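Undergrad: Dropping the structure in here first, questions after.
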Amino acid sequence: MNAGAGQVERHRVEGPLHFLSVTTAAQAIAARELSPVELMKAHLDRIAKLDPKLNAFIRLDAEAALQAAGVAEAEATAGRLRGPLHGVPVGIKDIIDVAGLGTTCHSKVLADNVATSDAVCVSKLREAGAIVVGKLSTHEFAIGGPSFDLPWPPARNPWNPDHHPGGSSSGSGSGVAAGLFPMALGTDTGGSVRNPASCCGIVGLKPTYGLVSRRGVFPLSFTLDHIGPMTRTVEDNALMLETIAGHDARDPGSAAAPNGHYRAAMDRGARGLRVGFVRHFHETDMPAEPEVAAALENVAQTLQTMGADLRDIRLPSLGEFSAVNRIILQSEAWSVHARWLRERPGDYGRLARRRLMAGAFLNAGDYVAANRRRSEMIADINAALAEVDVLLCASSMDPACRIDRPDDIDRTYTRQARTPFNVTGHPALAMMAGLSSTGLPLSVQFVGRYFDEAMLFRVARAWEKASGVDKKHPPIG
């Protein structure tokens, strides 16, 4: 179109705007080839069409998002870009504060709670030019779900809305996969970024513990909580991490580590990498569905064909990791919720109440023993990562089950290999490994040394380029 007053001169961007990557959209806006307003309208149209089926949003802030897009367009026209995410929409999990919007944690308990300031991670996204489009569904307090007895319905899987999208960052995973927004923030205490990434076929990273500030995020477990980026591509995930990472002196858990250039070595390929395959997680500790096991073998063999040195690695069992995670999480979650659970238990949904109450029956000895074992597990994984550059293992042991079958959800929810890396704090990335015979995503997980997210992005990008998983989208819409 011709440039007029207040318009950005642009060329036609190929493909539907709602499936543009963050990187492509940001570059097109910077080059004045794409209007932030047009991009936002495309996403809002997509939301209007699909969110009634998916329930990804608790609060859509469409008017403010469009207004912000107009400001971003004027700035782009004048050649003033705020940062590498200028004009790109982002969704925020509703346990993360956004100034002026509710932080409900998907619970009646906080239904009237309005944030007075942005969480640090949200502030950093805004400083980079991103535009918040709204607050997203979660499991209640990031632990109780999927639940149908809460003020808002649970999010659903865009690959098949009858199925669970994973949690607790459920709206984040569902919305990114469906093209409602190209990136989102999630949180991860026992796998809650990587579970929806696995179920919805996107890229979800749990960074090294302390790399991303948690200030302004409602806690579940101080020892295990992480904030992570959720995107459709590996490059977008790295770009988002570059934006939100960094030390925060006012977060006691924040690490004084430099913000890495996570994309610098992303396209160096897998040749020469030492990849440790933790087969016992899905073969003996918790036998995976055959399609999941086959997909993991395919990822491993593909990397080996590309020149990686594949080795078998043994770690403590999933059962041990799960026990340590459970004791620490339940103990610390009880300390957060004890007063409300005593004073207003009926305001919690059934699942959250049941899961949080378990912490009341643990004692100091349990907690100390779990933390002692945790220190040993950290040493075990550090030792393994001294021998290899990256670990490869399962994320979910099954494709997503139906959302309306509580017994199936209870059976499959703990069948995963994500909690070990909350226990130890190592960075872990989950992404699509393929599709099941029923058309649901299968997943793989890569794990790295502390603060070596660049290595995770390198191996994940190698798999992404070889497999084309970033080109696969849900059939919905």
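Undergrad: Around A364, under 13 Å between beta carbons, what's the net of Lys plus Arg minus Asp minus Glu among the other residues? Can you show the working numbers first?
TA: On the way: positive: R372; negative: E332, D366.
Counting the neighbours of A364, the net charge comes to -1.
Undergrad: Round to the nearest 10 and report in Å² the accessible area of T116, as given by a 1.4 Å probe over the protein chains' heavy atoms.
TA: The value for T116 is about 130 Å².
Undergrad: Heavy atoms of the protein only, probe of 1.4 Å, neighbouring chains included. What is the accessible area of H426 in Å², nearest 10?
TA: Near enough 0 Å² of accessible area.
Undergrad: What percent does the relative contact order of the chain come to when contacts are Cα pairs within less than 8 Å and at least six residues apart?
TA: Numbers: 1123 pairs, mean separation 78.2, N = 477.
Relative CO of the chain lands at 16 percent.
Undergrad: Follow-up. When the helices in the chain are scored as -39500 (n - 2.57) per DSSP H run of 4 or longer and the sum is shared across all residues, what 222 nm value do you end up with, to the nearest 500 deg cm²/dmol? List each step's numbers first, then the result.
TA: Details: 14 runs with 182 residues, N = 477.
Per the formula, -12000 deg cm²/dmol.
Undergrad: Something else now. Remind me, relative contact order of segment 232-377 in percent, using alpha carbon pairs under 8 angstrom and six or more residues apart? List each step's numbers first, then the result.
TA: Numbers: 113 pairs, mean separation 28.2, N = 146.
Averaging sequence separation for qualifying contacts and normalising by length gives 19 percent for segment 232-377.
Undergrad: R374: net charge of surrounding residues, Cβ under 14 Å, Lys/Arg +1, Asp/Glu -1, itself excluded?
TA: Details: positive: R326, R372, R373; negative: E320, E332, D366, E376, D380.
Neighbourhood net charge equals -2.
Undergrad: In terms of modelled amide H atoms, which long-range or inter-chain residues lie less than 5 Å from the amide H of F57?
TA: S137
Undergrad: Can I ask one more? In terms of solvent-accessible area of protein heavy atoms at a 1.4 angstrom probe, what is the ranking of D309, D149, highest value first? Intermediate values should be presented prior to the final figure.
TA: Details: D309 65, D149 85 Å².
Descending order: D149, D309.
Undergrad: Oh, and also: If you take the beta carbon distance between A249 and M306 as r and set R0 to 60 Å, what does 1/(1 + (r/R0)^6) give as a FRET efficiency, to the nearest 0.05? It would help to have the intermediate numbers written out before the result.
TA: Details: r = 42 Å, r/R0 = 0.70.
Efficiency, from the Cβ-Cβ distance: 0.90.
Undergrad: When Lys and Arg each count +1 and Asp and Glu each count -1, what net charge do the other residues less than 12 Å away from A384, Cβ to Cβ, add up to? Write down the numbers at each step before the final one.
TA: Details: positive: R274, R311, R314, R449; negative: D312, D380, E387, D389.
In short, 0.
Undergrad: I'd like the per residue volume of the convex hull spanned by the Cα atoms of the chain, given in cubic angstrom.
TA: Numbers: hull volume 62.8 nm³, N = 477.
Each residue corresponds to 132 Å³ of Cα convex hull volume.
Undergrad: On to the next question. For F446, F451, give the ranking by accessible area with the largest first, probe 1.4 Å. It would help to have the intermediate numbers written out before the result.
TA: Details: F446 0, F451 90 Å².
My answer, sorted largest first, is F451, F446.
Undergrad: Taking H as built 1.01 Å from N, whose amide H comes closer than 5 Å to the amide H of K93, not counting residues under 5 places away?
TA: L136, L185
Undergrad: With a cap of 13 neighbouring Cβ atoms within 10 Å, and only residues DSSP puts in a loop, list the trypsin sites (Lys or Arg not before Pro) found in segment 76-111. Write down the numbers at each step before the final one.
TA: Numbers: sites: R80, R82, K93, K108; in loops: R80, R82.
Of the trypsin sites (Lys or Arg not before Pro), the ones in loops of segment 76-111 whose Cβ has at most 13 other Cβ atoms within 10 Å are R80.
Undergrad: Let me know the whole percent of all Cα-Cα pairs from segment 242-399 that are separated by more than 20 Å. Provide the component values of the computation, followed by the final result.
TA: Working: 8484 of 12403 pairs.
In whole percent, the long-distance tail amounts to 68.
Undergrad: Follow-up question, since we're still on this one. Within the chain, which complete DSSP H helices have Cα atoms spanning at least 18 Å along the helix axis and a mean Kyte-Doolittle hydropathy of -1.0 or higher? Write out the running numbers ahead of the final one.
TA: Details: long enough: 36-54 (26 Å, -0.19); 62-77 (22 Å, 0.46); 290-305 (22 Å, 0.17); 318-343 (36 Å, -0.07); 364-387 (36 Å, -0.23); 453-467 (21 Å, -0.11).
Helices passing the filter in the chain: 36-54, 62-77, 290-305, 318-343, 364-387, 453-467.
Undergrad: Through the Karplus equation 6.51 cos²θ - 1.76 cosθ + 1.60, θ set to phi - 60°, convert the phi angles of segment 435-447 into ³J(HN,Hα) values in whole Hz; use x for Gly and Pro.
TA: 10, 6, 5, 9, x, 9, x, 10, 9, 9, 10, 10, 10
Undergrad: Take every DSSP beta bridge with both residues inside the chain and express the antiparallel ones as a percent of the total, to the nearest 5.
TA: Working: 30 of 44 bridges.
Roughly 70 percent of the DSSP beta bridges within the chain come out antiparallel.
Undergrad: Per residue of segment 422-427, in order, report the coupling 6.51 cos²θ - 1.76 cosθ + 1.60 (Karplus, θ = phi - 60°) as ³J(HN,Hα) in whole Hz, putting x for Gly and Pro.
TA: 6, 4, 9, x, 6, x
Undergrad: Let me ask something additional. So for the pair E14, R82, with labels modelled 7 Å out along Cα→Cβ, what separation do we get in nm?
TA: Taking the simple label geometry, E14 and R82 are separated by 3.1 nm.
Undergrad: Let me ask another. Full-extension gain between D404 and A99, please, as 0.36 nm times their residue separation minus the C-alpha to C-alpha distance.
TA: Details: separation 305, 0.36 × 305 = 109.80 nm, distance 3.43 nm.
Roughly 106.4 nm would be gained on extension.
Undergrad: Here is a follow-up. List the residues whose amide H sits under 5 Å from the amide H of A255, counting only those 5 or more places along or on another chain, with H placed 1.01 Å from N in the peptide plane.
TA: Excluding prolines and chain starts, which carry no amide H, the hits are L211, D248.
Undergrad: Let me check something: with ligands and nucleic acids excluded, how do E291, E453, E242 order by accessible area (1.4 Å probe), largest to smallest?
TA: My answer, sorted largest first, is E291, E242, E453.
Undergrad: Can you tell me the length gained on complete extension of the stretch R411 to T284, counting 0.36 nm per residue apart and subtracting the Cα distance?
TA: Answer, rounded to one decimal: 44.0 nm.
Undergrad: Using all C-alpha to C-alpha distances in segment 354-477, build P(r) with 5 Å bins and read off the rounded percent in each one.
TA: Result, from short to long distances: 2, 9, 14, 17, 17, 15, 13, 8, 4, 1, 0 percent.
Undergrad: Using +1 on the beta carbon of Lys and Arg, -1 on that of Asp and Glu, and nothing else charged, what's the dipole of the chain about the Cα centre, debye to 20? Can you show the working numbers first?
TA: On the way: 51 positive and 51 negative charges, 42 e Å.
Around 200 debye, computed over the chain.
The values are calculated or read from the model by the stated rules, or taken from the named source; none is laboratory data. A quick note: this is a predicted structure, and the numbers were derived from the prediction, not measured. We place every Cβ from the backbone using ideal geometry, glycine too, and count neighbours over all the protein chains shown. Side chains included, ligands, DNA and RNA excluded: accessible areas come from the protein's heavy atoms. Shrake-Rupley method; radii C 1.70, N 1.55, O 1.52, S 1.80 Å.
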